[in-house]
1. Are any residues in region B:217-238 assigned to a helix (DSSP H, G or I) and either within 14 Å of chain A (Cβ to nearest Cβ) or in contact with a Gly (Cβ under 9 Å, 6 or more places away or on another chain) (or both), and if so, which ones?
2. Here are the criteria: (1) of a type in the set (S, T, N, Q); (2) crowded, with 21+ Cβ neighbours inside 10 Å; (3) more than 25 Å from the chain's Cα centre (by Cα). Tell me which single one A:Thr8 does not satisfy.
3. Find all pairs meeting these conditions: Cβ atoms under 7 angstrom apart; at least six residues apart or on different chains; first residue within region B:41-55 and modelled with pLDDT under 85; second residue part of a helix (DSSP H, G or I).
4. Inside region B:88-201, counting only helices (runs of 4 or more DSSP H) that do not spill past its ends, which hold 2 or more residues that are surrounded by fewer than 23 Cβ atoms within 10 Å (Cβ to Cβ) and under 18 Å from the mean Cα position of the chain (by Cα)?
5. More than 14 Å from chain B (Cβ to nearest Cβ) and charged (D, E, K, R): which single residue out of A:Asp194, A:Asp142 fits that description?
6. What's the number of the condition A:Gly304 fails, among (1) closer than 24 Å to A:Ser109 by Cα; (2) under 15 Å from the mean Cα position of the chain (by Cα)?
7. Could you check B:Lys209 against (1) away from every other protein chain (no Cβ under 11 Å); (2) touching a strand residue (DSSP E or B) at 6+ places or on another chain (Cβ under 9 Å) and say which number it fails?
8. Looking at A:Arg278, A:Arg267 in this structure, which one is of a type in the set (Lys, Arg) and over 18 Å from the mean Cα position of the chain (by Cα)?
There are 2 protein chains.
Amino acid sequence: MMKAWGITEFGPATNLKVVDAKKPTPGDRDLLVKMSAVATNPIDYKIRSGAIPSQIVEVGIQGWDGSGTVQEVGAKVQRFKVGDEVYFSGNVFRPGCHAEYCLVDERISAKKPAKLSHEDAAALPLTTLTAWEGLLEGFVLDPEAPNYDSKIAGKSVLFVGGAGGVGAIGIQLAKKVFKIPTVIATASRPETIDFCKKMGADHVIDHRKNLKEQLTALGFQGVNYLYNTVDANSNWKETVDCILPQGKLVVITGVDSIDCTQLWFKRISLFPEIMFSRPIFMGDTEDWAQYDILTKTAALVDEGVLVTTRTTTFDFAKLPDAHVYQESGKSIGKQVATVKF
Amino acid sequence: MMKAWGITEFGPATNLKVVDAKKPTPGDRDLLVKMSAVATNPIDYKIRSGAIPSQIVEVGIQGWDGSGTVQEVGAKVQRFKVGDEVYFSGNVFRPGCHAEYCLVDERISAKKPAKLSHEDAAALPLTTLTAWEGLLEGFVLDPEAPNYDSKIAGKSVLFVGGAGGVGAIGIQLAKKVFKIPTVIATASRPETIDFCKKMGADHVIDHRKNLKEQLTALGFQGVNYLYNTVDANSNWKETVDCILPQGKLVVITGVDSIDCTQLWFKRISLFPEIMFSRPIFMGDTEDWAQYDILTKTAALVDEGVLVTTRTTTFDFAKLPDAHVYQESGKSIGKQVATVKF
C-alpha cells in the first residue's frame with residue numbers, strides 16, 4: 001500500500017484527501033518511481049474541478065509533474081534501470097504522481113538533471129514539454145535544421161503571461177535554445193516584471209494595457225510568434241492583433257466560439273499545445289519525442305544554459321492551499337514540494 | 001485605354017459590366033501583361049458580392065487568375081523581359097486581370113509552362129498556389145528536406161471537395177510532388193468521383209455521408225492531414241473528427257464562431273490558407289515564394305508530372321454566367337476563357 005493525494009469526485013480543493021492506495025505494478029513499458037518531489041500546475045485544479053475530462057481511476061490520484069527514483073521497471077523497458085533518478089510529467093489519463101509511488105511510461109520520462117535537487121528538477125517537466133513542443137511544432141522552429149540562423153534572423157516572439165510556469169521556461173528556451181533574436185513577455189507587477197527579465201526577456205510589456213500599442217512604442221509593428229500561456233479565450237482579439245502576417249500562434253487552453261476569420265487574411269496558424277496529447281494518444285508507437293526533449297533539457301541544465309524555474313517550496317501536507325494559489329492566477333514560476341506523508 | 005470586366009458597386013453577377021479603363025503603367029517591380037486567357041474562382045463572386053473586403057480601385061476591375069505576355073516591365077524588374085509568356089494569380093487589393101491588360105508584381109509571377117496553351121496555363125496559378133502553400137506550410141511538408149521519405153511513410157491526406165479547382169491540383173500535388181502515400185478525396189456525383197480518380201486520388205468518399213465511418217470502412221482510423229477546400233464552417237465538427245491526433249488541418253475560408261477546443265486534446269493545428277496573403281502583405285521584402293512555386297509547377301507540367309485542371313472553356317462575353325456557375329458550388333476542375341472583348 002501507499003499514501004497519495006486523491007479525489008473521489010470532482011470539486012473544490014477541499015475534495016483533495018490523503019488516501020491509502022495500492023502500490024502499483026509496472027506494465028511492460030512502465031517505470032515504478034518512488035517520488036521525491038512534485039510540482040503543481042494549473043492543470044491540477046482544472047482536472048480536480050472537473051473542467052477537463054479525465055479518468056478517475058480507483059481513488060483518483062492527482063498531480064502530474066515530479067521527480068524521483070526508479071524502483072522497478074516493466075518487462076520491456078529499454079532505457080532505464082532500477083536506481084535511475086528520473087523526472088517526468090506523465091499522462092493525465094493515468095493516476096498522478098502526488099503520491100509515494102507512480103507509474104510512468106519510459107518513452108515520456110528522462111533522467112533528471114544531475115546537478116539539480118529533486119525539488120528543482122520537479123519544477124521542469126510539464127512546463128518544459130509545453131514550451132518546447134510549442135516552439136518546435138507550433139512555431140515550426142528547429143534549431144538543428146540547416147540555415148536556421150538565417151531563418152530566425154530578425155524574428156520576434158511574445159509570451160503572454162511571461163511569469164507563469166510555461167512563460168518562465170519558455171522565455172529561456174526561446175532565447176537560449178531556439179535563439180529567437182527578440183523575446184518579449186507580458187507581466188504587470190514589479191515582481192513578475194523582474195522575474196521575466198531574470199528568465200531572459202529582452203522587453204516586458206503590461207498585459208493590463210493595450211499590447212499592440214506597447215509593441216509599437218518599442219519599435220515593433222507586431223511579432224512573428226505569439227505564445228499565449230493564459231486563457232486564450234480571454235484575450236483572443238487583442239493577442240491576434242499583435243501577430244504579423246504569416247505569423248504563428250500557440251495557445252495552451254481550448255478556444256471555444258472564437259472568430260478565427262481574424263487569422264485568415266494574415267494567414268496566421270493556430271497551434272493548440274497540450275503536452276498530454278502525445279502520452280494519451282501515442283499507443284504502441286515508438287514515439288520518444290518527450291523523452292528526447294526532457295533528456296536535452298537535463299543536459300542544458302547541467303551545462304548551465306537553462307535554470308530551474310522553481311520559486312517556492314510549499315508544505316506537501318498543504319497541497320489544497322497550493323491548488324488555491326494556482327487558481328489565483330498570480331503564481332510566479334513554479335511551486336514544488338518534497339513528497340512526505 | 002483598354003477594355004475590362006468591372007464593377008462599380010458590390011452585388012450580384014449582373015453588376016459585372018465591360019468598361020473602358022486606362023491602360024495601366026507598371027510600377028518598379030511590375031510587369032504589364034497583355035492577357036490571353038483567364039480563369040474563374042470562388043474568390044471572384046466573393047469579392048464581387050462584397051463578402052470579402054477588397055479595394056474598389058477606380059472602376060473595380062475583377063478577376064485574379066490568368067496567362068498572357070509581358071508587354072512592358074518596371075524599372076526594377078529583375079527576372080522578366082518583354083515578350084515573356086507568364087501566368088499568375090495576382091493581388092486582390094489591386095485591379096484584376098479579367099481585362100486586356102493587367103499589372104502584376106514580378107515576385108508573384110512566373111513563366112508559364114511552355115507546353116501549355118494560355119488557356120490551359122490560366123487554369124493553374126491561384127489554385128496551385130493555394131494547394132502548394134497549404135501542403136508546404138500548413139501541413140509542414142517539405143519534399144526536399146532530408147529524410148522526407150521516412151517522415152511521410154504511412155501518412156494520409158483527405159481533400160474535402162476533391163473535384164473543385166483546389167482539390168484537382170491538390171490531389172496531384174499531394175500524390176506526385178509531396179508523395180503522401182494515401183490520398184483520399186470527397187465527391188458525391190459520378191462525374192466528380194471519376195474526376196478525382198483521374199487527378200490521382202487513391203480513394204474517393206462521399207461528403208453527403210458520414211466521413212469518419214467511410215474512412216473506417218476503408219481501414220483508416222482517421223487521416224494525418226485534412227485539406228478542406230469548401231466552407232470550413234459548414235462541416236467543422238465532422239471534418240475535425242476525421243483527423244488523427246497530432247494531425248494538421250488546412251482551411252481556405254474564414255472560420256467564425258467555431259469551437260477550436262475540439263482541436264486541443266488531439267493537438268491538431270489549424271492553418272488558414274489564402275494565397276493572396278503574401279501579395280497583400282509582402283511589402284518590399286524579397287519574398288519570391290510564389291514565383292518559386294509557379295516556376296516549379298511550370299517545370300513539373302512540362303515534364304508531364306502535373307496536368308492542367310482546365311475542364312471547361314466559356315465565352316468571355318458571358319463572364320457573369322461563369323460567376324453564377326461558380327456560385328452553384330457544382331463546378332468541376334477549372335473554367336477558363338480566351339480574353340476577347
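The values are calculated or read from the model by the stated rules, or taken from the named source; none is laboratory data. Bear in mind the structure is a predicted one, so any value in this text is a computation, not a measurement. In this analysis, Cβ positions are derived from the backbone assuming ideal geometry, glycine residues included, and neighbour counts consider all displayed protein chains.
1. Matches in region B:217-238: B:Trp236, B:Lys237.
2. Single failed check for A:Thr8: (2).
3. Note: pairs meeting the criteria are B:Ile52/B:Lys46; B:Ser54/B:Ile47.
4. Working: elements: B:118-122, B:125-133, B:148-152, B:165-172, B:190-199.
Helices (runs of 4 or more DSSP H) meeting the threshold: B:118-122.
5. A:Asp194
6. If we test A:Gly304 against (1) closer than 24 Å to A:Ser109 by Cα; (2) under 15 Å from the mean Cα position of the chain (by Cα), just (2) comes out false.
7. Of the numbered conditions (1) away from every other protein chain (no Cβ under 11 Å); (2) touching a strand residue (DSSP E or B) at 6+ places or on another chain (Cβ under 9 Å), the odd one out for B:Lys209 is (2).
8. Values: A:Arg278 fails: over 18 Å from the mean Cα position of the chain (by Cα).
From the options A:Arg278, A:Arg267, the qualifying one is A:Arg267.
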